[in-house]
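Below is one structure; the comments refer to it alone.
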Amino acid sequence: MWEEKILKLLKGSHQIISGETIAKALNISRVSVWKAIKKLKEKGYPIKTTKKGYFLEDKDFFIEEDLNKILEKISLFKKIYLFPETTSTMDVAKSHIEKGENAVFLAERQTKGRGRLGRSWESLRGGLWLTLLLYKPPLNLKEAFFLNYLSSLVTAKAIIETFNLPARLKWPNDVLLFGKKVAGVLLEIKAEVDSLEYALIGIGINVNNPVLEKKFMIPAISIKEAIGQEVDRASLLEKLLINFETLYLKKKEILNLWKEFSETLGKEVKILTSSSTLIGLALDLDEEGRLLLKTKEGEIIPISSGDCLHLRT
Ligand code: BT5
């Protein structure tokens, strides 16, 4: 309980704060301060201890207060669970399903972040790594694809609206900035015959974390790199969740907006599916969320999943 309050004091201070000052401010003993600091350090917060007191070396951390402010503005998700470090927010969200609530799981750092098809997702501190848990969303299996489009769409919109950056969408699940990947979406669902038991939507956004452009499948970028300075992750998260709630279940609007922000449609693309490689013009999305690819021979092939490479305009 004191940990959160001490973290808030440290986050708000540009100077070293003595143990005595913290103890007085919170009306607790020096030993309680010391114990709480020890726990915070164990959780991974970079608190420097000097003779004069304590100092938080990196202030880019969420505190409960940031998240409570966001929760006041949304109603679809009842809670935001924050983890200084976890394997993957997908794992912690999954272990929460039986509670039967919609919730958000947020981690400062993931040790086993994952992408699609068992690929790994680098999740260093400074990024926005979250999973949205939707319990029994009113969609059937055939409609689950809307959640994929909705999630990449609201991520792009949040980046545009918060930072005025030209984020665009790449089929099926990437958000691009200047042609480089700034965010990705991972959807995991469990379906009954004609309803969804749950949906776990993983969203990873490179915000203030370092990214090595050439390290990944396609070049990557962070928002910090695009803007030239560290940015506020709480405002981005707030926009993302508000937009998600606003567009949730508005199927037609989701598809139309996705098409509007798409970088893929109208481009010559190479699609890699589990069984084939196809080249053609990305024409449109159909009502089942499939990408319609027009081959050189003029055949139109609907594709429901795969990886996409942009060839040329
Ligand atoms: C994705 O997969 O783009 C989905 C990424 C979802 C990550 C979120 S973070 C919160 C939640 N918890 C998780 O464990 N996951 C979700 P895919 O399209 O398969 O792209 C994966 C590929 O992107 C990798 O094989 C790398 O080449 C590349 N990559 C890995 N980390 C990256 C990063 N931080 N930025 C850009 N590209 C990255």
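The values are calculated or read from the model by the stated rules, or taken from the named source; none is laboratory data. No experiment lies behind these values; they were computed from the predicted model shown. A quick note on method: Cβ atoms are made from the backbone with ideal geometry, for glycine too, and the neighbour counts reach across all protein chains shown. The protein model used for the area step is the full one, side chains on, heavy atoms only, and it has no ligands, DNA or RNA in it. Shrake-Rupley method; radii C 1.70, N 1.55, O 1.52, S 1.80 Å.
Pairs meeting the criteria (first residue in segment 145-157 and among the charged types (D, E, K, R), second residue part of a helix (DSSP H, G or I), beta carbons under 7 Å, at least 6 apart or on different chains) are LYS157/ASN243. Applying the criterion of being part of a strand (DSSP E or B), of a type in the set (Phe, Trp, Tyr) and within 15 Å of the chain's Cα centre (by Cα) to the residues of segment 96-137, the residue that is farthest from the ligand (Cβ to nearest atom) is PHE105. Has segment 218-227 got any residue that is within 9 Å of the ligand (Cβ to nearest atom) and at pLDDT below 95? Yes: one or more hits. For segment 83-93, a residue qualifies if it is in contact with an Asp or Glu (Cβ under 8 Å, 6 or more places away or on another chain) and buried (at least 17 other Cβ atoms within 10 Å of the Cβ), and the qualifying residues are PHE83, MET90. Residues that are among the charged types (D, E, K, R), at pLDDT below 95 and either within 8 Å of the ligand (Cβ to nearest atom) or open to solvent by 10 Å² or more (accessible area, probe 1.4 Å) (or both) occur at least once in segment 194-201.
Filtered by the rule that a residue be more than 24 Å from LEU82 (Cβ to Cβ) and in contact with a Gly (Cβ under 8 Å, 6 or more places away or on another chain), segment 195-247 gives a lone residue, PRO219.
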